[in-house]
Every structure is written in structure tokens, then in C-alpha cells.
């Protein structure tokens, strides 16, 4: 169906915005306008719809006078309709520093749009992607072996980025532009066969349409079906996640006992852990090839297999970013989710010892002490091991400290020697003796 008249296309445009709850007339909108047909039609529809808009244009300076002519067109159109206009001109030398112009241009463009929106109080950024763009994206992702998430096409709304032209084809947009005398400029690079998207647009889609004229409409229906099914799978996975999740301190713990066998189980697990940045292959590996103790990392989290559960923790959990803390008792050190208290007391032979504390002979210590994360190769002489030392790693293993907790275990250093692992053990060299007069009490507790 082609929305050829101004009235019909505007009605469909407004209806789509309302139905999808994209934005309202109270929202200030920043429109990315290149000067091409799609973005100029988007701006015109928003003006006709009575929305509060401002236009933003990036001059990449890659096509000489043509690039400058694009900028002038957008600027003049905005002046004619009283639309606020923002312009970014990119230094041409920028493109000599990268081998991927499109990727770098997109990065620069979106970073600037985000900044411009924030400065000007714009709630949303609007781009002019339409149904043909969605079909091209679908085909590009399909031949690369994408899953449902990639095949769902271009979302109408993702965070503050909105694409209100998705119901319309390129033919709809062209007819509307011609019927309303909307000025626009053609970018010759859109015809270049060196870009994969251009070949899909100019060669593959026309070939498919010659085989079956329903190609574009059919692709649109397929994308909508896949989007709905993907949303349903996400909803079902969320229900499973909630019913099989436990939260303990920093950890999210998932029970695996009810997980289906085979690829169904690994696919479900992927839907559960992808929110933490893990991949489908990691979901397969943790079920099929890894036993208790296997550790996996995503850019933001780590995941540990522990028998019939997996423990997931944010990489920053338990850490303030600082890994060393000088200590001059009395002192309180806070780092992440833990608090260490260092107090000085007079020693009495009849005093009661708190099992939650460690007690160090003050005269045996060199100040300031240092509290830091343990490191590979660290050693100490645990209480009772006269003349012998052990690796910290072996002590933690013997104490059955979970692997995730090992990564944030702190040690106390006096001079050049490790004299305690808070909450675990102290060194033979700082134990209380018959000549002890003062002690340093060390207590580790949760810090909320």
C-alpha cells in the first residue's frame, strides 16, 4: 500500500506515533537531517504534525561543494519554517585517521547528536530510517547468520533514538516529497557498489521483486512476525529468570536443575545471561564442556559454574576502583561492599575474643599498614606454621573460598610481609604472646 496523499500519510504517521507511544507533543525532539529525501520528509511531517522540533546536521566534508550544499539546504529550510538548527562541521583530516569511514562517521554523528540533545533539552533523537532500510538490514543480517535479535530489523524505539518513518517505503516517501514540493538533495555515494547496503538496495531487492512483486511487503511482514516472536521469547525467559533466580550480596545465582536438555537448554540460558553481556557460545560451553569452577567473562560481568547453579557478579562489585589503602589505626576503610575496622586495644589475659575479629600483636607491626588486593605469588606464614610459608592462593583454596570471592580478597601488609588475610587467618609472626601489651583488632563486615 502506498500512502500517496499528504492527508493519508500524515494520518498514518501520527497514528503510528500514538500506537507505539513514541513521543508526545510535549516532548522536544532533535531531528537528524542530512538534506536527503528521507530526513527532509521526516522534518516536514513533524512540522505538519505540530511537534516541537529542532534540526541537527553533520557536514562530513567528504564531498566538497556537495557537502556544503547539503548544509545550506537544511539551514535555509529551517530558517523558512522557524526551526532551530544546529550544525557540526567535521575536520576532513579526521577521515585520514581511520580505515572505516562509515563506522567512524556514525560514531561521531551519534555522539554529537546525544550531546546536542542534552544541551538543548531534547528528550528524543529522531532518524529517518524507513521500511526499505529495515528490509535491507534484515537481509544483511540474515546472510551473516544472525539470530532473532538481529533479524527483527530496526526497532522503532531504542532508548532515546526513535525512527517514526518505519511504516513507510521509499516509494511512499518519494511520492510525498514530490507531492509537497519538499526540497532534498541526492547523495551520489548511495549508488556506489562498494558498500554492501547499496548493493542490497540497488541490486538484490530489485531482483527479488522481479521474482515476486510481494517481496518488500513480505519482508515487512516477516520482520514484524520475528519481532513479535522475539518479544514473546524475551518475556518467557524473564519469567523463568525470576522464578529461578536468587540474589545474594553481589551475586545473581541461577538454578540450572530445571533447564531443558540440549540446544533448547543452551538457547534458554543464552536468553537469561545475555542481559549480562554473555554470548550464546558461552551458554553452550558452561552447560556442555565446563564443570564446577569454570569461569567466564563478559565485558561487564564474570560468571562461575558451581554444580547446578551459576553465579554472576558485576566486575566492579566489591571494588571502589582503588586496590591499595594505607592504614594507621584506629581507622575504618570502606571499599565496595566491605568495611574493614582497625582498632587499638590494651591486651588483657582475661579478655574475651570475638570470633569475627582478628587480633595482631601491635609491637610486631610496622606502620603504616597496607590493605590491598592479593596478587599471584603472594605468600605468608599462617598461624601455627613456624618457619614455613604458603601461597595465598593455596590458603584460599584450602578454605574453599569461592572463585569469584578470591578475586576480591584483601591482605594486610606490614613492612614487606603479609601478616593477615582479613576474615580468614593471621601470620605466625604477629600472634599474641606472653609479652604482648597492645593489640590491633581487625574486623571485616558488609558495608551497605
#### Entry: Matching residues, region 333-355, being surrounded by 13 or more Cβ atoms within 10 Å (Cβ to Cβ) and either farther than 19 Å from residue 410 by Cβ or at pLDDT below 80 (or both)
335, 336, 337, 338, 339, 345, 347
### Query
Only one of (1) in contact with a strand residue (DSSP E or B) (Cβ under 9 Å, 6 or more places away or on another chain); (2) more than 21 Å from residue 187 (Cα to Cα) is not met by residue 11, so which one is it?
(1)
### Candidates 157, 107, 174 - the one that is modelled with pLDDT of 90 or more and farther than 16 Å from residue 46 by Cα
174
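Just to be sure before I move on: is residue 280 under 20 Å from residue 401 (Cα atoms), modelled with pLDDT of 75 or more and surrounded by fewer than 17 Cβ atoms within 10 Å (Cβ to Cβ) in the structure I sent?
So residue 280 does not fit the description; no.
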### Query
Here are 259, 254: which of them is assigned to a loop (DSSP other than H, G, I, E, B) and under 28 Å from the mean Cα position of the chain (by Cα)?
259
### Query
With (1) closer than 24 Å to residue 271 by Cα; (2) in contact with a helix residue (DSSP H, G or I) (Cβ under 7 Å, 6 or more places away or on another chain); (3) buried (at least 18 other Cβ atoms within 10 Å of the Cβ) as the list, and residue 156 as the residue in question, which single condition is left unmet?
(2)
### Query
Residues in region 24-53 that are buried (at least 16 other Cβ atoms within 10 Å of the Cβ) and on the phi > 0 side of the Ramachandran plot: how many?
1
### helices (runs of 4 or more DSSP H) wholly inside region 14-127 that include at least 1 residues being in contact (Cβ under 8 Å) with a residue 60 or more places away in the chain and over 32 Å from the mean Cα position of the chain (by Cα)
37-48, 65-81
### Task
Quick one: count up the residues across region 293-309 that are within 19 Å of residue 396 (Cβ to Cβ) and assigned to a strand (DSSP E or B).
5
### Query
Is there a residue being crowded, with 17+ Cβ neighbours inside 10 Å and closer than 25 Å to residue 17 by Cβ anywhere in region 184-204?
yes
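For every residue, the table says whether it meets (1) farther than 27 Å from residue 80 by Cβ; (2) not in a helix (DSSP H, G or I).
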{"residue": "168", "(1), (2)": "no, yes"}
{"residue": "174", "(1), (2)": "no, no"}
{"residue": "197", "(1), (2)": "yes, no"}
{"residue": "201", "(1), (2)": "yes, no"}
## Note on the structure
Checked 421, 395, 412 against criteria (under 30 Å from residue 314 (Cβ atoms) and free of Cβ contacts under 8 Å to residues at least 40 places away in the same chain); the one match is 395
### Task
For residue 403, indicate whether it is in contact with a strand residue (DSSP E or B) (Cβ under 6 Å, 6 or more places away or on another chain) and either over 18 Å from residue 360 (Cα atoms) or not assigned by TED's automatic domain parsing to the domain that holds residue 340 (or both).
yes
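The values are calculated or read from the model by the stated rules, or taken from the named source; none is laboratory data. Computed from a predicted structure; not experimentally measured. With ideal geometry, Cβ positions are generated from the backbone for all residues, glycine too; neighbour counts draw on all protein chains shown.
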